[in-house]
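Heads up, the thing below is written out as structure tokens.
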């Protein structure tokens, strides 16, 4: 059964995309400021222009070598440079529903960084299509598919997970160490199995590709559709 929350989650995602578009159009993503400064600028604009009062997870701006760090990393604040690759990972709440969007930006014409950005976006679309065609799929199988996909593009997968559920804020949580609501190698449950309320869960797919030798990474995430 398709959850009645899906249209509202899709609307929340559309609003998050509009927020990201506004960040670009206003030229907020620029060299010469610290990651924390950009984070604060985005949060203020999200509140003033989009009415965002809450973010359901920590607001992430990572640039340069900091793009190697997964979500649970905590790298030192860094000054954004003119030739950087960087990514945003934000979880704004719109009308009580969670969005979770990740996008990568390149501040130069560096061909390798541009390829990394393009590859992670293309791979996300490829994985989304594959996942959507599966009638049964465990979190572990999905994780292994995504990590293998990264290798086919010539990159390493940089995340501990490849996605997770979203829903009405706050979404259901499990005990620490229980990966049943994450796309993780230890989650052997069917992603399409119903939740406690009998409805099918909604999932975020996240792709984090890295090149540890060159110390660059790219990130892309949104709802599986």
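Read-outs: derived from the displayed coordinates by stated rules, not from any lab. Quick caveat, the model's predicted, so the values are computed rather than measured. Note that each Cβ is placed from the backbone with ideal geometry, even for glycine, and that neighbours are counted across all protein chains shown.
Numerical summary
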item	result
Sites residue 197 and residue 118 - FRET efficiency at Förster radius 25 Å, r taken between beta-carbons, to 0.05	0.05
Alpha carbon Rg of the stretch 157-221, scaled by the compact-globule rule 2.2 N^0.38 Å	1.30
Normalised contact order of the stretch 96-194, rounded percent, pairs of Cα under 8 Å and 6 or more residues apart	34
Stretch gain in nm, segment residue 33-residue 125, where the contour uses 0.36 nm per residue and the Cα spacing is subtracted	29.9 nm
Spin-label pair residue 173/residue 108, simplified geometry with 7 Å Cα→Cβ offset, distance in nm	4.1
Degrees, to the nearest 10: 35-50 long Cα axis against longest axis of the chain	60
For the chain: relative contact order, % (alpha-carbon pairs under 8 angstrom, 6 or more apart)	24
Relative frequency of Cα-Cα separations exceeding 23 Å in the stretch 6-223, percent	46
Förster radius 25 Å - calculated FRET efficiency between residue 213 and residue 26, Cβ distance, rounded to 0.05	0.15
0 to 90° range, to nearest 10: angle between helix 139-152 axis and the chain longest Cα axis	40
Per-selection Rg to Rh, the stretch 90-129 - Cα, Kirkwood hydrodynamic radius	1.14
For the stretch 11-40 and the stretch 69-108, distance of Cα centres in Å	9
Pairwise centroid distance, computed over Cα atoms, of the stretch 176-199 with the stretch 142-165, Å	18
Gained length - residue 43 relative to residue 147, 0.36 nm times residue gap less alpha-carbon distance	34.3 nm
Cα long-axis angle, helix 6-25 against the chain (0 to 90 degrees, to the nearest 10)	0
